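For reference, the structure discussed in these notes is given below.
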Amino acid sequence: MSDPRTNERIRVPEVRLVGPAGEQIGVVRIEAALRLAQEADLDLVEVAPNSKPPVVKIMDYGKFKYEAAQKAKEARRNQANTILKEVRFRLKIEAHDYTTKLKRAEGFLKAGDKVKAMILFRGREQSRPEQGVRLLRKFAEDVAEFGTVESNPTIDGRNMVMVVAPLKNKSEAKAEQNAVRTANKQAAREAKNGSAPAPTDETAA
């Protein structure tokens, strides 16, 4: 994507101007828009070139480009770090097996990873896909606190699959884990320091 036109590169007679705080100023001559941007010691940036007239905004373009680059970098890093974990079910799964797999899936989602829930059909079970859909929907409801359905149940060969995405991305999940770890260490230190309180006047007497 090419950079937007800025300042004197915007060669149109009129523009629809948006102020630095997002306020709508309205349609003005390009000369007036440039003057307002210069008076604010900011840039005039064309944000909607195909509008009639084009929409421009007064902003710090250098800061805008830096923040946009940081967001794109963070998005790429989160995408690269997100791993697709797999949890497999049988259509006739025992309750304790289901609970075990559910806890495993919750752990993956809390860590910021996607979960691919897969039902392995056996023999004639393939003729009852609605039962697979019900099981996967129950699974989605049970993990709703940690993830949301990214792709609905679909048939994949002899299996049925559904993908659940975490509510928190990888970096957010890691930051939360670090915060909990720090809080636990702080609580442990406070408990240790408080285990031998200093004597009061009464006990000293």
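Values quoted throughout were computed directly from the atomic coordinates according to the rules given, and no laboratory measurement underlies them. Small disclaimer: the values here were computed from a predicted structure and weren't measured. Neighbour counts are summed over all protein chains in view; Cβ atoms, including those assigned to glycine, are modelled from backbone coordinates with ideal geometry.
Side notes on the structure shown:
- Summary value for the chain: 14 percent relative contact order, contacts being C-alpha pairs under 8 angstrom separated by 6+ residues.
- Here the gap between Arg88 and Glu23, fully extended at 0.36 nm per residue and compared with their Cα-Cα distance, gives a gain of 18.2 nm.
- Here's the picture: charge each Lys and Arg Cβ at +1 and each Asp and Glu Cβ at -1 in the chain, and of Gly22, Tyr98, Gln186 the one pushed furthest to the positive end of that dipole is Tyr98.
- Put a plus charge on the Cβ of each Lys and Arg, a minus charge on the Cβ of each Asp and Glu, and nothing anywhere else: the dipole of the chain about its Cα centre is then about 1260 debye.
- Zone of Arg158's modelled label, taken as backbone nitrogen in the stretch 114-133 under 14 Å from a point 7 Å along Cα→Cβ: 119-127
- Derived scalar couplings between HN and Hα for the stretch 113-119 equal 9, 7, 10, 9, 8, 10, 9 Hz in order, rounded to whole Hz, by the Karplus curve 6.51 cos²θ - 1.76 cosθ + 1.60 (θ = phi - 60°), x for Gly and Pro.
- Pairwise FRET efficiency - Val47 versus Arg137, Cβ, R0 = 45 Å, nearest 0.05: 0.60
- Counted over the stretch 7-60, the DSSP beta bridges are approximately 75% antiparallel.
- With Cα atoms, 0 to 90° folded angle of helix 170-194 axis to the chain main axis: 60
- For the chain, the Rg and Dmax computed from alpha carbons only, in angstrom: 28.5, 90
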